[in-house]
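Read the figures in this text as sums done on the coordinates, not as results from a lab. No experiment lies behind these values; they were computed from the predicted model shown. Neighbour counts run over all protein chains shown; Cβ positions are idealised from the backbone, glycine included.
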DNA sequence: TTGTATGCGTTATCAA
DNA sequence: TTGATAACGCATACAA
């Protein structure tokens, strides 16, 4: 592989000078600069970023760890991150965890070895022990959507509490009194906040919570399907159901169809997080949506700001959710 | 930062030995190995992969360049790649090009600097000059979905030609005679093959092509919208339309609604590539789908095989498309 | 303004 | 089986 030493030789200067030209530093005479650049162009030389990261202590790399890149919620966020990052010549390394702790640990280990400059993570964990222990304290960390316990770090999330209230308000206004709820993954902050918001909103409307109407889920389709089947099997099923995220709603949808029922005639269904493209094809599912692309961009910026030195205390950015009314809930 | 030298000192051995332990090499006595590993564990030492890549000449990194990670077609492919890669301790660096040549060039340059071990790319270019010139010839290259001219490399794609025929056969069987076509991005192999397949199929059915029924597109929503508006403005609009990819179909859908028409009552619409989740919510759009997740996995494997030495000549993997019949086309 | 020398954290080579 | 020592490709302090 050709190195700056080879270039130096060809240009009749020292390697240091070549380095200076490449990095656009001052203190290089216009003549030598031109001389070096000519060789650079002619040879099509590409400096080795890994080598330079060794001395610079920066890899210009930011790691993104999410449960599932296939979920449009995360896809859009990643897009937002990538846009910001690549505009600043920073690469994005991607990791899927599949909501699996071991995979998450593996990802953390890996990105540490690669010395990523920053980490943006939607963690699958309830507690942050594994994060704090795997991650060196210096590396900028931005929590996305979810906040594991025991960790002070930047956080970009939406107002889940308020989102839940919007959903319940909406359903109550339509006349629903028995509102089922499929919970999110156990131990995840987002899941808890959404449940709490739901419970509070019920209380506000003078509707005592009915334990039987609250079933567990895992933020995945399968969990949503099982949860919905459980609700439908009730002696007195709810007239509508809220799922804790978009994927669960898809599973619930499948369950409902499986039972030969239809939405919203037989049962209403709403959820957290939009389906993006899916909602364009057929504006069907009523949801409270988060400004996903923006969230990604914000997360990237928070990370990059820390990179550029300005050390600050943990910041929390809370976005507003929007109710997108479509056709999956009816008046009763 | 602590290095293997520090570990060596603490363990009372040389750095070389520490390196051997870390890399699980032979020729380390069980006792010293245990001694070193104890220190490794106690300190939570994480080796610097960039430094090691310097000598090993491998970064354990594979770059993926796609037009838009937000398109479920690519999302699923990336998922397939990531699964394969991370199983082999290989990281995925992600780049969006937005169908923009400059961004693609930037991505190529960047991944070269990072010395990615391999590249999987769905190129936005008609010609591969910029790829061959930016990329060193040694780095394993897998073309995804699209094949720019002037480049011999591994290729993973689907049988676009055949897919087009399936679509036309299907529509003709429904009684359609005026079949509109919104083309893909100019100069992209996939776009060309799909158009050719369409034309041939028409001929097979004794339907001469009507120039007015073929409009241009760009593989993006906006292009699909404009194309469809053009078709709808015709004195004698087609009874059905094929778009060259899923995004264009979404745009076409918007155009149709904008004109106050509905599918499939007023006009039928089918396309290449599935919408994944969208099709789960509401199985609406009839498409010919590619086995996306698998394609990603295959692409990753082709790349990794080359990495592991077994040099071979360019391979081409052609997948079969599947017609997924849904509700966006009606009998006439 | 330029060059020399050294270090960044590993691995590979060669002796011991 | 282990340890010096020299790369790997680049950046930087220091000297010139």
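Among the residues of B:64-71, the average count of other protein chain beta-carbon atoms within 10 Å of the residue beta-carbon is 3. When the convex hull of its Cα atoms is viewed from all sides, region B:80-123 shows a mean projected area of 3.2 nm².
For the pair region A:38-93 / region B:10-32, the C-alpha centres are spaced 34 Å from each other. Between identical copies, the spacing of residue B:89 label points, each set 7 Å from Cα toward the C-beta atom, reads 3.2 nm from nearest to farthest. What's log10 of I(q)/I(0) for chain B at q = 0.08, 0.12 Å⁻¹, Debye sum over Cα points only, no solvent? Log10 I(q)/I(0), no solvent term: -0.48, -0.84.
Considering region B:225-282, its Cα convex hull presents a mean projected area of 3.8 nm².
The distance separating the Cα centre of region B:153-192 from that of region A:135-179 comes to 44 Å.
If the elastic network links every pair of Cα atoms under 10 Å, which of B:195, B:304, B:277 fluctuates the most in the Gaussian network model of chain B? Result: B:277 has the largest fluctuation of those listed. Rounded to 0.05, the FRET efficiency of the residue B:24 and residue A:136 pair, given R0 = 25 Å and the Cβ-Cβ distance, is 0.55. Take each residue of peptide A:272-284, count the partner chain Cβ atoms within 10 Å of its Cβ, and average: the result is 6.
Any idea what angle helix A:30-43 forms with the longest principal axis of chain A, computed on alpha-carbon atoms, 0 to 90 degrees, nearest 10? Helix A:30-43 and the main axis of chain A meet at about 60 degrees. At the listed q of 0.25 Å⁻¹, the Debye profile of region B:259-308, built from one uniform point per Cα, gives log10 I(q)/I(0) equal to -0.96. Overall dimensions of region B:43-195, expressed as equivalent-ellipsoid semi-axes from the Cα gyration tensor (√(5λ), whole Å, largest first), are 36, 17, 12. How much of the DSSP bridge set in the protein assembly as shown is antiparallel, in percent, rounded to the nearest 5? Bridges in the protein assembly as shown are about 10 percent antiparallel. Within region B:160-290, antiparallel bridges make up roughly 0 percent of the DSSP beta bridges whose residues both belong there.
Per-peptide packing, taken as the mean over residues of other Cβ atoms within 10 Å, places B:196-205, A:118-127 in the sequence A:118-127, B:196-205 from highest down. Our note on the geometry: Cα centres of region A:256-294 and region B:247-267, 20 Å apart.
Ratio of Rg to Rh for region B:181-332: 1.04 [Cα atoms; Kirkwood radius as inverse mean 1/r over pairs]. Relative to the longest principal axis of the Cα atoms of chain A, the long axis of helix A:101-113 lies at roughly 20 degrees. For region A:4-43, the alpha carbon positions stretch 22, 16, 15 Å along the principal axes, listed from largest to smallest. Among A:177, A:115, A:20, which one shows the highest mean-square fluctuation when chain A is modelled as a Gaussian network with alpha-carbon springs under 10 Å? So, out of A:177, A:115, A:20, the one fluctuating most is A:20. In a Gaussian network model over chain A where Cα atoms closer than 10 Å are linked, find which of A:300, A:153, A:11 has the largest mean-square fluctuation. Maximum among the listed residues: A:11. Calculated from the alpha-carbon coordinates, the protein assembly as shown shows an Rg and a Dmax of 27.4, 87 Å respectively. Evaluated at q = 0.12, 0.20 Å⁻¹, a Debye calculation over the C-alpha positions of region A:74-147 (equal weights, vacuum) places log10 I(q)/I(0) at -0.31, -0.90. Using only Cα atoms, tell me the angle between helix B:246-258 and the longest principal axis of chain B; keep it within 0 to 90° and round to the nearest 10. That helix lies at roughly 40 degrees to the long axis.
Summed over qualifying helices (DSSP H, 4 residues or more, each -39500 (n - 2.57)) and divided by its residue number, chain B shows a 222 nm mean residue ellipticity of -14000 deg cm²/dmol.
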